[in-house]
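Take a look at the structure below.
Read the figures in this text as sums done on the coordinates, not as results from a lab. Quantities reported herein were computed from a predicted structural model and do not represent experimental measurements. Here the Cβ positions follow ideal geometry from the backbone for every residue, glycine too, while neighbour counts run over all protein chains shown.
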Amino acid sequence: MTVTTAGTARPARSRARSTGALAVFRRALRSPAGLAGFVIAVVVVAAGLLAPWLSPMAPEATDYANPLSGPSGLHLLGTDELGRDQLSRVLYGINASVLVGLASVVLAALVGVPLGLVAGYFPKVDRVISQLVDVMLAFPNLILAVGLAAILGPSAMNAAIALAVGAVPGFVRLIRGEVLRLRGLDFVSSAIAAGNTHTRILWRHILPNATSTLLVQISVAIPHAILGEAMLSFLGLGIRPPTPSLGIMLAGAQQYIETAWWLAVFPGLAIVALTLAFNLFGDALRDALDPKGRRR
Amino acid sequence: MITAVLVRVARAVLTLFLAVIVVFLGIRMLPGDIAVAMLGQEGNPDNLAQIRAAYGLDDPIWVQFGHYLGQVVQGNLGRSSSTGLPVAEVIGRALPVTLELAVLAMIVAIVIGVLFGVAAATNQGRPADWAVSSTALFWLSVPSFWLGMMGILLLSIVWPILPASGFIPFFESPADNLRHLVMPAAVLGTGFAAIIMRQTRSSMLDALSGDYIRTAKAKGLSRSKVVFKHALRNSLIVVITVVGLQLGALISGAVITEQVFVIPGIGKLTIDAIFMRDYPMIQGVVIVVAGAYILINLLTDLLYTLVDPRIRLGGGAAS
Amino acid sequence: MNVLDVRDLSVEIPTETGHVLAVDGLSYSVGESEILAIVGESGCGKSVGVLSLLGLGPEHARVTGEVNYAGQNLLTRKPDALRRVRGQDIAYIFQDPMTALNPLMPVGKQVEEVLAQHASMSRAERRARVVELFELVGIPAAAERARAYPHQLSGGMRQRVMISMAIACGPRVLIADEPTTALDVTVQAAILEILKDLRDKLGMAIVLITHDMGVVADIADRVVVMYAGRAIEEGGIEQVFRRPAHPYTRGLLSAVPVPGQRAARARLRGIPGTVPVIAESVDACTFADRCGRADEACRSGRPPLAEAAGGTRVACRHPETKESNGE
């Protein structure tokens with residue numbers, strides 16, 4: 001007998017997907033692409049964070065005997081015009097990219113989430129916040145970051161702040177939308193009817209239900225921030241030399257592109273690996289939360 | 001319908017106005033001012049004071065703003081502090097260059113993005129879909145400036161068929177103009193194509209699962225008619241909106257692409273102005289870019305309204 | 001004479017959790033000017049069954065059996081040949097006329113499309129024909145309505161558009177999949193009236209899919225009752241309503257207070273449990289788990305469709321013989 005007497009008539013409907021952040025995370029890891037992204041991200045990020053221990057040489061140490069030498073046993077990824085070891089510099093560069101990227105996203109979430117909560121919950125405040133967001137969105141992301149970085153001056157922290165400001169509108173809009181959606185649901189209405197305070201409703205009832213969506217937004221924002229940091233540094237508006245940064249290394253490589261291809265190739269590959277890993281995982285997360293991808 | 005459009009236009013104007021305020025205040029927050037930029041930190045204090053007085057920097061900030069706004073409305077964006085040329089004129093020269101680059105890139109992006117998006121959606125789950133989707137995701141992860149550098153490395157150095165940098169105005173030599181823009185436009189355009197492709201794919205999948213698609217099939221229409229006449233038209237509405245929202249990415253991309261390929265457009269102008277501390281120029285460029293961006297978004301919204309009869313004609317059914 | 005003859009139709013659908021046998025050896029036929037109702041609860045496979053006749057079912061479904069139309073088995077025909085049958089010989093009407101119409105195309109254009117595909121007509125002729133069709137299905141101000149978009153029409157008007165689209169090329173079979181479910185009760189009656197009227201005028205065969213015994217009583221000549229992918233009872237409308245032999249049919253009918261009057265939609269309140277999801281064809285009665293009179297025989301062999309005392313054909317080892325009185 002193979003009469004599977006399921007609870008309801010249709011299998012697709014009976015298998016309601018949990019949208020808790022942890023469940024979504026687990027489901028994302030079950031897809032091959034999500035797992036690959038996660039593993040690559042962990043490996044590359046670990047390589048960056050462990051740069052001080054993994055690097056064969058100090059990133060600023062110069063080897064004047066071997067300037068602009070190609071990949072060799074001594075320098076696996078070659079050296080730059082000052083004879084600095086590229087592998088070490090790439091590792092430190094990843095370190096900087098990851099730190100700036102994560103810091104900017106955390107910052108953006110810390111500012112954007114409360115603003116989004118308030119905007120979605122209080123219609124009057126919403127007008128002001130939404131108009132502000134519109135103004136911020138009037139500047140293309142990078143232009144905004146470039147402008148801010150110019151105002152703040154080049155440094156890793158300022159690059160993080162500049163990128164964070166550009167990412168805030170995304171968080172505000174997303175959370176605002178989630179609040180508007182959740183507000184209309186019965187459990188929130190009953191919480192309101194039960195006389196809960198606004199703060200309690202926002203923190204205890206609405207925010208926990210928005211965590212998965214928030215998780216997806218964060219996973220999308222991280223590769224954006226990493227690319228943004230690389231761009232700012234490339235333009236000379238991000239991390240300040242001589243601190244190794246993938247963007248700065250690429251900017252320097254332009255000059256030597258005819259003779260020293262390795263200077264242009266490897267830092268770029270590092271950025272691609274980092275970004276691709278986060279993008280793969282972010283996509284898997286989004287699919288796990290919303291299999292048909294109808295939200296976006 | 002007309003009221004809605006007017007409201008939308010009014011909002012855009014308000015946003016632009018607020019953007020001008022933000023830019024104006026932002027510029028005042030830059031380290032140092034015009035006087036310092038012109039004479040250097042060690043300039044004679046008397047001379048510094050003179051320049052400040054000349055540029056009205058001693059006036060209260062709202063007076064300065066009122067003055068500036070009055071000038072902006074007349075199309076006067078001030079004079080560059082590094083070259084002394086009128087800002088509006090310099091921007092006017094750089095703008096067509098960037099526009100040409102952006103339009104070419106847009107054509108590349110739309111053609112590639114929509115075609116591959118449709119191809120992926122109609123082959124959902126098959127190897128073709130997998131290949132296209134993976135390529136798009138990979139492409140999204142590649143920084144455009146690095147892509148440009150790799151292009152130069154391969155197509156200008158290893159296999160020299162295209163110039164690595166520079167720009168020739170179209171009216172001087174159309175062929176040379178295009179030769180110089182092919183690579184930048186391809187770099188910028190394919191990056192944008194990846195965004196369009198992903199959006200087209202997902203909204204096509206949405207559209208293809210719609211009941212009206214089943215109706216179209218039940219009518220006996222050919223597959224291409226079902227896909228292009230019914231599914232694609234419906235999904236393009238979503239694509240237009242998202243692409244409009246993403247145009248900022250194209251503008252940002254143009255900035256950096258111009259930097260890599262040494263193209264004298266708005267992007268290069270901006271970055272150069274920042275390093276020259278050319279405040280009037282920065283101010284002008286940012287306002288023009290924001291204005292253009294707001295205008296594009298407005299047009300996208302209106303286009304969207306035109307394409308969708310549910311919005312254009314309004315009026316629900318009396319059922 | 002049978003226009004459409006379905007023999008031993010099975011539809012297997014792959015899903016994430018293994019496959020589902022949505023239709024399991026279903027056979028029926030419909031003759032000229034006949035209205036056949038296929039009735040059952042949602043999930044019993046009735047919709048998938050008719051969609052699969054012309055390859056409109058789920059994408060990767062495996063369809064076996066025979067679908068005989070005009071001397072040919074449609075299931076073995078190439079996609080191109082099948083396309084010529086769709087809309088021209090066999091046409092469909094779907095449940096929700098809002099979503100079944102393309103929101104971006106004027107409704108008249110959508111009807112014109114069928115004509116452009118199957119009939120060689122000029123633009124002007126097509127337009128004239130659309131107005132004619134609209135008038136035939138009772139759309140007032142037809143010429144003007146043809147230029148309207150779906151969202152500007154009411155639900156009933158939209159369904160009339162769907163019907164006019166379906167009959168545009170004078171099909172011999174009209175398949176109506178829950179055509180009134182999404183509509184108000186008063187509109188329902190009007191739509192059913194139109195269908196009956198068209199059957200009389202055009203002599204088409206109609207296969208009507210519904211879960212509503214009231215609708216069946218209203219319009220059908222014959223009825224096939226489906227349960228878990230199988231036909232469990234079949235017969236003329238009189239016989240099925242007066243002397244239903246299958247316990248499940250009885251249960252369905254008990255949910256309708258008085259036959260012939262659609263006071264309420266049929267709901268299976270009388271039968272505990274739900275329709276099971278079948279993974280593969282089993283050698284047993286699929287209703288046994290919910291049936292009060294099931295015994296070993298029911299669980300160890302698939303009951304064949306056989307003549308019952310009341311004049312219906314029933315797949316049950318212990319058919320009811322009494323006359324139904326609505327209980």
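What's the percent breakdown of Cα-Cα distances in chain C across 20 Å bins, shortest bin first?
All Cα pairs considered, the percentages come to 31, 57, 12, 0.
Whole number please: convex hull volume per residue, Cα atoms of the range B:103-142, in Å³.
Dividing the Cα hull volume of the range B:103-142 by its residue count gives 51 Å³.
Using the count of nearby Cβ atoms within 10 Å as a rough guide to exposure, how do C:Val161, C:Val85, B:Val72 rank from fewest to most?
Numbers: C:Val161 27, C:Val85 22, B:Val72 19.
Lowest to highest Cβ neighbour count: B:Val72, C:Val85, C:Val161.
Where the centroid of each part is defined by its Cα atoms, how far is the range A:76-118 from the range A:22-56 in Å?
One Cα centre to the other: 15 Å.
Could you work out the local net charge near B:Val286, counting Lys and Arg as +1, Asp and Glu as -1, over the other residues with Cβ closer than 14 Å to its Cβ?
After counting each charged neighbour, the total is -1.
To the nearest 10 degrees, how steep is helix C:155-167 against the longest Cα principal axis of chain C, on a 0 to 90 scale?
Compared with the principal axis, the helix lies near 90 degrees.
How large is ³J(HN,Hα) for each residue in the range B:199-205, as worked out from phi by the Karplus curve 6.51 cos²θ - 1.76 cosθ + 1.60 (θ = phi - 60°), to whole Hz, x for Gly and Pro?
Rounded to whole hertz, the list is 5, 4, 4, 5, 6, 5, 4.
Could you run the Karplus curve 6.51 cos²θ - 1.76 cosθ + 1.60 with θ = phi - 60° over the range A:168-174 and give me ³J(HN,Hα) per residue in whole Hz, x for Gly and Pro?
4, x, x, 5, 4, 4, 5
Using θ = phi - 60° and the Karplus curve 6.51 cos²θ - 1.76 cosθ + 1.60, what whole-Hz ³J(HN,Hα) does each residue of the range A:73-89 get, with Gly and Pro shown as x?
Per-residue couplings from phi come out as x, 6, 10, 4, 10, x, 10, 9, 5, 9, x, 7, 6, 5, 4, 4, 5 Hz.
Could you list which residues have their amide H under 5 Å from that of C:Asp24, counting only those 5 or more apart in sequence or on another chain, with H placed in the peptide plane?
Those lying under 5 Å, H to H, from C:Asp24 are C:Val11, C:Arg230.
Give me the angle, in degrees from 0 to 90, between the Cα long axis of helix C:185-202 and the longest principal axis of the Cα atoms of chain C, rounded to the nearest 10.
80 degrees
How many angstrom lie between the C-alpha centres of the range C:127-173 and the range B:2-19?
About 41 Å separates the Cα centre of the range C:127-173 from the one of the range B:2-19.
Within 10 Å, count the other beta carbons around each residue, average over each peptide in C:302-313, B:96-107, and list them highest first.
On the way: C:302-313: 16.8, B:96-107: 19.2.
Per-residue mean Cβ counts within 10 Å order the peptides as B:96-107, C:302-313.
Amide H neighbours of C:Ala306 under 5 Å, at least 5 residues apart or on other chains, H built in the peptide plane: list them.
C:Val314, C:Ala315, C:Cys316
Exposure proxy check: C:Leu82, A:Leu35 ranked by fewest other beta carbons within 10 Å?
Least to most surrounded, the residues fall as A:Leu35, C:Leu82.
Check which residues have an amide H placed less than 5 Å from C:Ala176's amide H, if you skip close sequence neighbours.
Here C:Ile93, C:Val207, C:Leu208, C:Ile209 satisfy the definition.
Neighbouring Cβ atoms within 10 Å as the yardstick, rank B:Lys217, C:Lys196, C:Lys46 fewest first. Let's see the in-between values first.
Numbers: B:Lys217 23, C:Lys196 14, C:Lys46 29.
Least crowded to most crowded, the residues run C:Lys196, B:Lys217, C:Lys46.
Partner chain Cβ atoms within 10 Å, averaged over the residues of B:219-229 - can you pull that number for me?
5
Quick check on the range B:95-307: what are the equivalent-ellipsoid semi-axes from the Cα gyration tensor, as sqrt(5λ), descending, whole Å?
Details: eigenvalues 252, 89, 40 Å².
The three semi-axes for the range B:95-307 are 35, 21, 14 Å.
Mind jotting down the distance between the C-alpha centroids of the range C:41-62 and the range C:1-23, whole Å?
The two parts, judged by their Cα centres, are 6 Å apart.
Report, for the protein assembly as shown, the % of DSSP beta bridges that are antiparallel, rounded to 5.
Taking every DSSP beta bridge within the protein assembly as shown, about 65 percent pair in antiparallel fashion.
Could you work out [θ]222 nm for the protein assembly as shown from helices alone, using -39500 (n - 2.57) per DSSP H run of at least four and dividing by all its residues? Round to the nearest 500 deg cm²/dmol. Walk me through the intermediate numbers first.
Working: 36 runs with 530 residues, N = 942.
It comes out at -18500 deg cm²/dmol, rounded to the nearest 500.
If you average over every viewing direction, what projected area does the convex hull of the Cα atoms of the range A:194-296 give, in nm²?
Mean shadow area of the hull around the Cα atoms is 10.0 nm².
Using per-residue counts of other Cβ atoms within 10 Å, averaged over each peptide, order C:137-146, B:116-125 from highest down. It would help to have the intermediate numbers written out before the result.
Details: C:137-146: 16.9, B:116-125: 19.8.
Packing proxy ranking, top to bottom: B:116-125, C:137-146.
Tell me, what are the semi-axes, in whole angstrom and largest first, of the equivalent ellipsoid of chain A as set by the roots of 5 times the Cα gyration tensor eigenvalues?
Working: eigenvalues 368, 131, 36 Å².
Ellipsoid half-lengths, sorted descending, are 43, 26, 13 Å.
How big is the Cα convex hull of the protein assembly as shown in projection, averaged over all directions, in nm²?
48.1 nm²
Which whole-number value in Å³ per residue fits the convex hull of the alpha carbons of the range B:175-250?
Normalising the Cα hull of the range B:175-250 by residue number yields 102 Å³.
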